[in-house]
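The values are calculated or read from the model by the stated rules, or taken from the named source; none is laboratory data. Since we're looking at a predicted model, the values are computed, not measured. Neighbour counts are summed over all protein chains in view; Cβ atoms, including those assigned to glycine, are modelled from backbone coordinates with ideal geometry. The area values use the complete protein model at the heavy-atom level, side chains included, leaving out ligands, DNA and RNA. Shrake-Rupley method; radii C 1.70, N 1.55, O 1.52, S 1.80 Å.
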Amino acid sequence: MNIYEYQGKELFGRYGIPVPDQRVVEDAEGARAAAQEFGKPVVVKAQVPAGGRGKAGGVKVARDPEDAVRRAEEIFGLTIKGYPVRRVLITPAAEIKKEYYLGITVDRAGKAFVLILSAAGGVDIEELAEERPEEIHTLSIYPQQELERSRLDKVLRQVFESESRVVQAREVAETLYRMFLEKDCSLVEVNPYAVVDEDRLVALDSKVSFDDNAVFRHEDVAEMRNPEEWSDDERDAKDAGLAFVSMEGDIGCIVNGAGLAMATMDIIKLYGGNPANFLDVGGSSSPDKVVNALRIIQRNPRVDSILVNIFGGITRCDDIANGILMALEQIDLKVPMVVRLIGTNEEEGRRLLTDAGFEVAEELSVAVNKVVDFSGSGRAGAGQQASTGPRVS
Amino acid sequence: MSILIDQNTQVVVQGITGRDGAFHAQQMKADGTKVVAGVTPKKGGQEVDGIPVHNSVREARAKSRIDAAVIFVPERFASSAIQEAADNDIPLIVCITEGIPVNDMVRNYHYVRERGVRLIGPNCPGLITPGACKIGIMPARIHSPGTVGVISRSGTLTYEVVHNLTRAGLGQSTCIGVGGDPIIGSDFVDMLALFEEDPGTSAVVLIGEIGGEDEERAAEYIREHVTKPVVAFVSGRTAPPGKRMGHAGAIISGGKGTSEAKVKAFGDAEVPVADKPDEIPDLLRERLGT
């Protein structure tokens, strides 16, 4: 779960991490009021849950309230990486003397938390990692030990030039780590962590992500969730307990298990089709999940065929079959659907669907071939030919 | 003839009175696994399909030898279930549960390692030595005894691959789902080391997916330490970019995590990568020279 820059800075502020004054506005007139209040040049920043705002024209400096209105109007008109700008952050412009990077995340390979620091802040950290990896300093923190000050200071002194900056950064690093653990973050980034005024270090930007698995134990985190983080389909899918990602194609997919769901999309593509979505109905599935999955997929106007691919383990095939039959009582199925059902309780599952007059495939490649033939993307790719095997270019 | 589990392995099921725990305890037993006990707090004294239920792992261990624990406990209680099994020196802990907070798993990982026991999972289908022992949720009937080892980050995709192996007459020594979470108890490299040492395993199928760098590390390990043939599959080639969480994580992995990077890493290690699961049997046969 990701939050906006301004929410991250509010969270920083509650933890006592120095952040600039800020106002969040939802229209250009609000930008005027905020700029008047600050009484000096301001920075106008689009609030979208995506990086690369600066390059997209979503961050601008305004010299006075009139200018702030114009800049805000420009920014409110933008759509950045698919997200229309609905909120804009106004913050007093500051003279930046130096920019650092400060971040904490989970090191998957090292099975530890890791503090990441760089004296080359303000740039894309992934690009920096590729181009100048020597400028990135890391400190692994294992859960059975404290964040020891001697180890922390050692890495801070490699990055920060003066003792005054080391002292300020130490406080912030320790606080951020505490926040990371207390709020079950998966990523906390301060970029830039900048020197303003005389020698004061301030979090000029924030990026905070929370572990979705842990949101249940943090009411305050759940309250920060932004509905626009997901498309309507993605949100409804989440509410129904389905993992869902919208894709560009026309073949609706209902699969159990993330790995098989990805592989199913890959094979559809390999056979010349184009998947409309990734959808994992999850572990112990109930018929309701299938009802919801079909409902969400069917309302996508691009979908012209559906593939259900279930290999039962913890998911029982009879549950899936019942779900499909229940869904069809509630939903008018407008497009051809191919069902592939195999695994735990498969005989019962297949019997239920066969009795209801369904064609049920046992092999994946047979099922994919069939659904690709039904789909517009598959027919376009195949010309007039009937498909007999994978079409790989 | 297998790794980690065989026909003598005695198993306790943690969370045996839940819907999934009860269903799969029965399935495991029906598939020939020695399920000697179940655990659910405050439900001691009951029975599930003739399996005695205890209040704690300690109580269960007092009654019979336990070689492995399998966890079906809901995500909020799964970390304490893992720790309870580790505290009772159960040498093999298999956690099926999905949805454990990642930061808790960082702690659990070190907790079990410090106690010298092995964790498989979480968010995994478990493991099976066909015809001898099944600890998990996979449908046993798609497997057949043989000499191919299978390691996977996925559940159902593993079944797909195993189904294809069995149909092609390639039986399996042991099949392991290591789990789909960012932090898992045992990874590809841990399992490759065991398969390399196992005289009952002649070749290994490795099923990876996008994210992290476990496949890259596995490829490197294979190049240096594995003499047996390995065939790989990587899912997620069509997954849209930018949907992955944890953008700072890419710093540590140095831009690794895409399917392209993983396929390339396997290529560099001379490990063939199948485009579809049903190509795996032929690739294995080529490598085995059979």
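Figures for the structure shown
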read-out	value
Residue in the range B:102-155 that is nearest to the chain's Cα centre (by Cα), counting only those that are more than 18 Å from residue B:171 (Cα to Cα) and of a type in the set (Ser, Thr, Tyr)	B:154
Count of the range B:88-110 residues which are surrounded by fewer than 20 Cβ atoms within 10 Å (Cβ to Cβ) and either touching a strand residue (DSSP E or B) at 6+ places or on another chain (Cβ under 6 Å) or closer than 28 Å to residue A:114 by Cβ (or both)	3
Of residues in the range B:155-183 being among the charged types (D, E, K, R) and either open to solvent by less than 10 Å² (accessible area, probe 1.4 Å) or assigned to a loop (DSSP other than H, G, I, E, B) (or both), the one modelled with the highest pLDDT	B:160
Any chance residue B:23 is farther than 27 Å from residue B:145 by Cα, aromatic (Phe, Trp, Tyr), in a helix (DSSP H, G or I) and open to solvent by 10 Å² or more (accessible area, probe 1.4 Å)	no
Flag for residue A:255 being aliphatic (A, V, I, L, M), at the interface with another protein chain (Cβ under 9 Å from one of its Cβ atoms) and in contact (Cβ under 8 Å) with a residue 24 or more places away in the chain	yes
Some residue of the range A:90-105 being open to solvent by less than 70 Å² (accessible area, probe 1.4 Å), over 27 Å from residue B:112 (Cα atoms), at pLDDT below 95 and in contact with a Leu (Cβ under 9 Å, 6 or more places away or on another chain)	yes
Counted residues, the range A:181-222 - those being farther than 30 Å from residue A:96 by Cβ and in contact with a His (Cβ under 7 Å, 6 or more places away or on another chain)	1
Unique residue being more than 13 Å from chain B (Cβ to nearest Cβ), part of a helix (DSSP H, G or I) and crowded, with 17+ Cβ neighbours inside 10 Å when the list is A:152, A:128	A:152
Residue in the range B:201-209 that is open to solvent by less than 30 Å² (accessible area, probe 1.4 Å), closer than 23 Å to residue B:109 by Cα, within 14 Å of another protein chain (Cβ to nearest Cβ) and not in a strand (DSSP E or B) present	no
Test: residue in the range A:44-54 that is more than 30 Å from residue A:174 (Cα to Cα) and either at pLDDT below 95 or in contact with a His (Cβ under 8 Å, 6 or more places away or on another chain) (or both)	no
Residue that is nearest to the other protein chains (Cβ to nearest Cβ), among those in the range A:66-89 that are among the basic types (Lys, Arg) and either part of a helix (DSSP H, G or I) or free of Cβ contacts under 8 Å to residues at least 12 places away in the same chain (or both)	A:71
Residues located in the range A:298-351, provided they are assigned to a helix (DSSP H, G or I) and closer than 17 Å to residue A:282 by Cα	A:317, A:318, A:319, A:320, A:321, A:322, A:323, A:324
Residue that is part of a helix (DSSP H, G or I), open to solvent by less than 20 Å² (accessible area, probe 1.4 Å) and closer than 13 Å to residue B:120 by Cα, where the choices are B:69, B:85, B:60	B:85
Any hit, the range B:122-134, residues being open to solvent by 30 Å² or more (accessible area, probe 1.4 Å), in contact with a helix residue (DSSP H, G or I) (Cβ under 9 Å, 6 or more places away or on another chain) and not in a strand (DSSP E or B)	yes
Members of the range B:218-237 that are β-branched (Val, Ile, Thr) and within 14 Å of chain A (Cβ to nearest Cβ)	B:234
Residue check, residue A:299 within 9 Å of chain B (Cβ to nearest Cβ), charged (D, E, K, R) and either surrounded by fewer than 22 Cβ atoms within 10 Å (Cβ to Cβ) or within 30 Å of residue B:22 (Cα to Cα) (or both)	no
Checking residue A:333 against (1) more than 19 Å from residue A:244 (Cα to Cα); (2) at pLDDT 90 or above, the condition it does not meet	(2)
Failed item, numbered, when residue A:146 is tested on (1) crowded, with 19+ Cβ neighbours inside 10 Å; (2) assigned to a loop (DSSP other than H, G, I, E, B)	(1)
Tabulated pairs, the range B:72-94, first under 14 Å from residue B:104 (Cα atoms), second open to solvent by 80 Å² or more (accessible area, probe 1.4 Å), C-beta under 7 angstrom, 6+ apart or interchain	B:75/B:98
The lone exception for residue A:113 - which of (1) more than 26 Å from the chain's Cα centre (by Cα); (2) within 13 Å of chain B (Cβ to nearest Cβ) it fails	(1)
Residue match in the range A:268-277 (condition: open to solvent by 10 Å² or more (accessible area, probe 1.4 Å) and under 25 Å from the mean Cα position of the chain (by Cα))	yes
Some residue of the range A:34-47 being closer than 21 Å to residue A:102 by Cα and either among the aromatic types (Phe, Trp, Tyr) or assigned to a loop (DSSP other than H, G, I, E, B) (or both)	yes
Residue match in the range A:271-286 (condition: part of a helix (DSSP H, G or I) and closer than 25 Å to residue B:236 by Cα)	no
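For (1) within 14 Å of chain A (Cβ to nearest Cβ); (2) open to solvent by 30 Å² or more (accessible area, probe 1.4 Å); (3) within 24 Å of residue B:148 (Cβ to Cβ), each residue gets a yes or a no:
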| residue | (1), (2), (3) |
| --- | --- |
| B:3 | no, no, yes |
| B:9 | no, no, yes |
| B:15 | yes, no, no |
| B:28 | yes, no, yes |
| B:35 | no, no, no |
| B:41 | no, yes, no |
| B:45 | no, yes, no |
| B:50 | no, yes, no |
| B:55 | no, yes, no |
